[in-house]
Amino acid sequence: MSRSPNGGLIDRSKSLSFTFDGTSYSGFEGDTLASALVANDVRLIGRSFKYHRPRGILTAGSEEPNALITLRTGARAEPNTRATVTPLFDGLEATSQNRWPSLRFDAMAVNQLFAPIFVAGFYYKTFMWPAAFWEKLYEPLIRRAAGLGRLSMLPDPDHYDREHGFCDLLVIGGGPAGLAAALTAGRAGLRVILADEDVRPGGRLLAEHLEIDDTPGAAWAELVVAELTALPNVNVLGRTTVFGVYDGCEYAAVERLTDHLAHTYPAQPRQRLWKIVAKRAVLATGAIERPLVFGGNDRPGVMTTSAVSTYVNRFAALPGRRAVVFTASDSGWQTALDLLAAGVSVAAVIDPRETAPIAAEALLKAGADILLGARLCDAIGAPVRKVEVHLADGRRRRIACDLVAMGGGWNPAIGLGSNMGARPIWSDAAQSFLLDQTPPGFVAAGAAAGRLALHEALNDGVTQGAAAAEALGMPALKPRFAASDEPASGRPLWHVLGRGKAFVDFQHDVTDKDIALSAREGFVSIEHFKRYTTLGMATDQGKTSQLNGHALLAAATGKSIAEAGTILSRAPYQPVAIGLLAGPHRETHFRPERHTASHHWAIAQGATFVDAGQWKRAQWFARPGEKDWMETVNREVTMTRNGVGICDVSTLGKIDVHGPDAAALLDRLYINTFSTLSIGKARYGVMLRDDGIVMDDGTTTRLAEDSFFVTTTTVNAARVMQHIDYARHVLWPGLDVQATSVTEQWSTYAVAGPHSRALLAQALPGIDLSNEALPFMAAAKFRWNDAPARIFRLSFSGELAFEVSVPATHGDTLIRHLFEIGRTFDAVPYGTEALGVMRIEKGHLAGNELNGMTTAGDLGMARMMSKKKDFIGRVMAARPGLADLKRPSLVGLIPVDQSKQIRAGAHLLPPDAPRTTAYDQGYVTSACWSPTVGHAIALGLLVDGPNRHGERITVHDPVRGADVQAEVCNPVFVDPEGVRVRA
Amino acid sequence: MPDPFSAEPRNRLGIASVMARKGIAAAEICAALGARMPDRPLATFIGGRTVVGTGPGTWLVTEEDAAPDFAETLQQVLAGLASVSDQSGGYAVQRLSGPAARTVLQRGAAIDFHPTAFSTGSAATTVIAHIGIIMWQVDEQPTYDVAMFRSYSQSFRHWLNQTVAAL
């Protein structure tokens, strides 16, 4: 064990046991998986992506590119989890990734021997030819080698919650600047949300020996959080990562609710997706330390200086016994002191700069060599055993050690700030990229704004918190915090020439040589370079590698870093589970379902349902013993045509169009006229789109002088409602007409068949259903069970038929009532399939014909188009291409050999013509087997169709079967004279 | 102590959508109905009647224990002033109440339910779990009424159950 006997923010009274690759270890409450592994001397954590190099832990934060493990097992296994941000819990199981057969001996590590060919652009260059090899060989090969962890391939057993947050100020990050901003704004009374990704806010205060107002940093953070939590206007969200910035001052965040728990109860959500709308936001995400680029910088045992300080100070976990610190920034010197304080021997502090930023007596006294103007060029051994140093005087020296702390300087963590598309710009003062233009109301503070020293960061937080308050007209008192100004400067060192591989992007195995190659091959634009080398494209989005890579590219192309520029960061800033974004909308709940009032009744009748938009409609009602759906549907059709059938047609769109100008509006919407319709009568209507193509059809009933009841097809209900609203709001705002969707108000049942009148006479006593009182296309209001009800003499089936409507609250009662009475008449429930068969038998149109490509003329309704009035689509419908009489138009089709089937979608060609597109004359829109006429029938669109009845045509179906010869005929197969509907 | 959360369907509710005729001011409808017709997303309450502003010149009117011909009567009262459509069957209304109701709704709708932003009489037409809703706050308990098209009731219930279980 490498755990200091005291110190750190861990609870030594709470021991937690866990396993890594099956070996048991123990840690403490307060540990991360990474700190517990450090304390247990586990240095080898995983294998790298491309070269399968052994890797350890590089950082102590969410930027970690190396220490990726699979957390948990079974369905809850989560690959590519960063050990550095995984809170330790009792019973945690972690497994290393990307190694076979074992972590210590990995067969794919042989890739390293072929490193010269695995350079950037390897795939582009290698897998080019022959093309046929792609599908069979290259792609499977690449796919097998690609990726790190493996998915469990089991359904995600977890729930994901969602919440919407609203605030005056969103503070992103709970380090010194964030806490100061939240406290200032919170005290001023602003609604504040403070989101911090760690298990406890504090940021660097938890990891370093800092004091504020003579209070140790961690204790100060605890006090501030306690005050914030007590404020009713402040919401402190711990374990919460803001991962995206969007238009309208919206932010996305993930709150991890149970990821730190060993056990959860079944309904407990694992994570919560927050959509936060914030008037202003302070980006207080701190800064990420840059690694240094030297040979073997990826070896286990090489860490950033901030990680070393964090493990030593926060977790009392010692990552080595004998350390070498190689730093180009002042903070690394503090790490050396932290190591000494923890009892780790420091062999040397190497700084490429010529002077030490601090008095080095303590280090010298402890035996450390201070090597100024020197560079560490190679780390040797895996885990690291020694380093080679290039001294100021040109000599080389080897130093034995088991830990290298490297500090290249600090990159402000500004990723979120460029989510909206503004490119960060180079700052010579900060020696890093900083936000220039920010999203509205969004400002960086503290280290994220390049203000690294503690007192600067605190002041900046206060300033931004107060600015947010003042912007809202709320005066804020600015608290003053006493904090020391620790040395926080540095001079970037972008590259050290060594013998070993020098990694820039650890997670994607991009080396200094790859960057040079990219420049040589002409990929010199920062965006081309990114894609060519894949630098920054791993799950860590290059948080540790981006700037080093860009600086090396700049050097290779002879530009300044400012000229070479940097890339944009996209959401999500940190990886998020896809389940989080889906929330409860998965599997059968992917989208809401709509159920009609007869739904439960239909389930009890054994209905099979079909989706019609969001609606669930009964497709057919199979009876025991029926061998397939065809048998069921044939029975439903036959029983309806010979007796009586009942179908729920409630899903059809229904719109009340009211007002003195209602008739005038309908005349402009439909190709035919409604102003002449008398009260109590219904009329079939067709409306066109602006471009002259048919939009929808349906019947409209006039219930009063100023009151029409419009129906639409099920799928177009919302679209027609929109169309009507557009017409009355935008096209003709002068018309006094109101429109409301009443689709959901009415449960409507079609009662069809020769016995329908008799059935309804018993079911709805007191209503005169005679031809005289209620002729075909008439409607009447009545009351049923006290409720307002309506009856329409309409028929889609071609039989004597009625549609009965009652409020949906009465729909379940009515369907049961109709079938109770219907027993005497052997009434049959029929579904959408039988409905479809009967409408094809009658040549009625449906979605297959109203397919967004047909004109009224194509569908045999040219004469319906009124010449006495204007209507939407009239002018465009007269375009030569649409008005051409030779366009494919509606016909009926019957197979010459009546045992043959015709299938919808098949094409129509002259019998002797070659089966090529050039001879295509149309296609089959709807087809079925008709139990009424005893053979297959179909509707289709055929060039000059209406003039070709009696002709033979070939129905060509290359996808599903052989050609069928068919006869072109009238599209009405049953009762063409329309006698039955008027019975 | 009251239940932290309860959800009850409001049955026997008369519901109608009311749209002003062209050039008719809300005040005229108000005079005929005896209820204040809000010109913003607000709900007003008078006796068992609630009027919710759902758009310019457009309201949803609900009435407790309404007679079956509630909408027809309303239509007669407002003849020449407004168009009335019966929606008593069209909407299902859920009453959500208790101290946790605010959190439950905040997890469903992207509307600010903080008391300073949404209080008794506030109303909104919005979306919960991809389901269009009209909702209004009834009292400070708080109690909310949520109206959705009736066919969505089961899907709404599924969202509600999941959200409440996660409280």
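The values are calculated or read from the model by the stated rules, or taken from the named source; none is laboratory data. All of these numbers come straight from a predicted model, not from anything done at the bench. Glycine gets a Cβ as well: all are built from the backbone with ideal geometry, and neighbour counts include every protein chain shown.
Quick check on my filter: what residues within segment A:252-270 are buried (at least 24 other Cβ atoms within 10 Å of the Cβ) and touching a helix residue (DSSP H, G or I) at 6+ places or on another chain (Cβ under 8 Å)?
The one that is buried (at least 24 other Cβ atoms within 10 Å of the Cβ) and touching a helix residue (DSSP H, G or I) at 6+ places or on another chain (Cβ under 8 Å): A:Val254.
Could you say which residue among A:Thr632, A:Thr673, A:Thr700, A:Thr640 is in a loop (DSSP other than H, G, I, E, B) and buried (at least 17 other Cβ atoms within 10 Å of the Cβ)?
Result of the check over A:Thr632, A:Thr673, A:Thr700, A:Thr640: A:Thr673.
Filter the strands (runs of 3 or more DSSP E) completely within segment A:914-963 down to those with at least 2 residues that are within 24 Å of A:Glu636 (Cα to Cα) and in contact with a helix residue (DSSP H, G or I) (Cβ under 7 Å, 6 or more places away or on another chain).
It comes to A:922-930, A:935-943.
Does any residue in segment A:13-25 that is more than 22 Å from A:Arg104 (Cβ to Cβ) come within less than 8 Å, Cβ to Cβ, of a residue that is aliphatic (A, V, I, L, M) six or more places away or on a different chain, and which pairs are these?
Once the first residue is more than 22 Å from A:Arg104 (Cβ to Cβ) and sits in segment A:13-25, its partners that are aliphatic (A, V, I, L, M) give A:Leu16/A:Ala36; A:Leu16/A:Leu88; A:Leu16/A:Leu92.
Just one of the numbered conditions (1) more than 23 Å from A:Pro65 (Cβ to Cβ); (2) modelled with pLDDT under 95 is not true of A:Val346; which one?
If we test A:Val346 against (1) more than 23 Å from A:Pro65 (Cβ to Cβ); (2) modelled with pLDDT under 95, just (2) comes out false.
Which of the residues spanning segment A:381-434 are under 14 Å from A:Arg322 (Cβ atoms) and among the hydrophobic types (A, V, I, L, M, F, W, C)?
Answer for segment A:381-434, where residues must be under 14 Å from A:Arg322 (Cβ atoms) and among the hydrophobic types (A, V, I, L, M, F, W, C): A:Val384, A:Val387, A:Ile399, A:Ala400, A:Cys401, A:Leu403, A:Val404, A:Ala405.
Would you please name the residue that is farthest from the other protein chains (Cβ to nearest Cβ), looking only at residues in segment B:66-87 that are under 17 Å from the mean Cα position of the chain (by Cα) and part of a strand (DSSP E or B)?
So the residue we want is B:Val84.
Inspect segment A:295-308 for any residue being part of a strand (DSSP E or B), of a type in the set (Ser, Thr, Tyr) and out of contact with any Ser or Thr (no Cβ under 7 Å at 6 or more places or on another chain) and give the result as yes or no.
Restricting attention to segment A:295-308, the residues satisfying the condition of being part of a strand (DSSP E or B) are A:295, A:302-304.
Checking the rest, the ones that are also of a type in the set (Ser, Thr, Tyr) come to A:304.
Adding the requirement that they be out of contact with any Ser or Thr (no Cβ under 7 Å at 6 or more places or on another chain) leaves none.
Scanning segment A:295-308 turns up no residue that is part of a strand (DSSP E or B), of a type in the set (Ser, Thr, Tyr) and out of contact with any Ser or Thr (no Cβ under 7 Å at 6 or more places or on another chain).
Output the strands (runs of 3 or more DSSP E) that fall wholly within segment A:329-448 and possess 2 or more residues being charged (D, E, K, R), or say none.
Counting at least 2 such residues, we get A:375-380, A:386-390, A:396-400.
Return only the number of the condition from (1) touching a residue at least 24 places away in the same chain (Cβ under 8 Å); (2) more than 8 Å from chain A (Cβ to nearest Cβ); (3) small (Gly, Ala, Ser) that B:Gly90 does not satisfy.
Failing condition for B:Gly90: (2).
Residue-wise test of (1) out of contact with any helix residue (DSSP H, G or I) (no Cβ under 9 Å at 6 or more places or on another chain); (2) aliphatic (A, V, I, L, M); (3) in contact (Cβ under 8 Å) with a residue 60 or more places away in the chain; (4) in the same structural domain as B:Arg157 (by TED's automatic domain parsing).
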residue: B:Phe70; (1), (2), (3), (4): yes, no, no, no
residue: B:Gln75; (1), (2), (3), (4): yes, no, no, no
residue: B:Leu96; (1), (2), (3), (4): no, yes, yes, yes
residue: B:Ala100; (1), (2), (3), (4): no, yes, yes, yes
residue: B:Phe113; (1), (2), (3), (4): no, no, no, yes
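Residues of segment A:844-870 being part of a loop (DSSP other than H, G, I, E, B), without any contact (Cβ under 8 Å) to a residue 60 or more places away in the chain and of a type in the set (Lys, Arg), which ones?
Once the filter is applied, which keeps residues that are part of a loop (DSSP other than H, G, I, E, B), without any contact (Cβ under 8 Å) to a residue 60 or more places away in the chain and of a type in the set (Lys, Arg), segment A:844-870 yields only A:Lys867.
Output the residues belonging to segment B:129-167 that are free of Cβ contacts under 8 Å to residues at least 60 places away in the same chain, more than 10 Å from chain A (Cβ to nearest Cβ) and either assigned to a helix (DSSP H, G or I) or within 14 Å of A:Pro584 (Cβ to Cβ) (or both).
Within segment B:129-167, B:Arg157 is the sole residue that qualifies.
Which one of these is closer than 22 Å to A:Pro775 by Cα and more than 12 Å from every other protein chain (Cβ to nearest Cβ): A:Asn634, A:Asn642, A:Asn716?
Going through A:Asn634, A:Asn642, A:Asn716 in turn, the sole match is A:Asn642.
State whether the residues of segment A:724-734 include one that is at negative phi, buried (at least 20 other Cβ atoms within 10 Å of the Cβ) and within 11 Å of another protein chain (Cβ to nearest Cβ).
Yes, segment A:724-734 contains at least one residue that is at negative phi, buried (at least 20 other Cβ atoms within 10 Å of the Cβ) and within 11 Å of another protein chain (Cβ to nearest Cβ).
Out of (1) more than 43 Å from the chain's Cα centre (by Cα); (2) assigned to a strand (DSSP E or B); (3) closer than 30 Å to A:His755 by Cα, what's the single condition that is false for A:Gly978?
(2)
Looking at segment A:30-52, I want the residues that are at pLDDT below 90 and have a partner that is in a helix (DSSP H, G or I) with Cβ atoms under 6 Å, at least 6 apart or on another chain. Which pairs are those?
A:Tyr51/A:Asn111; A:Tyr51/A:Gln112; A:His52/A:Met108; A:His52/A:Ala109; A:His52/A:Asn111
Taking segment A:440-468, which residues are surrounded by fewer than 24 Cβ atoms within 10 Å (Cβ to Cβ) and within 15 Å of A:Lys279 (Cα to Cα)?
A:Pro440, A:Gly441, A:Phe442, A:Val443, A:Ala466, A:Ala467
If I ask for residues that are out of contact with any helix residue (DSSP H, G or I) (no Cβ under 6 Å at 6 or more places or on another chain), of a type in the set (Asp, Glu) and part of a helix (DSSP H, G or I), which ones from segment A:813-843 would you list?
Residues satisfying the conditions are A:Glu820, A:Glu841.
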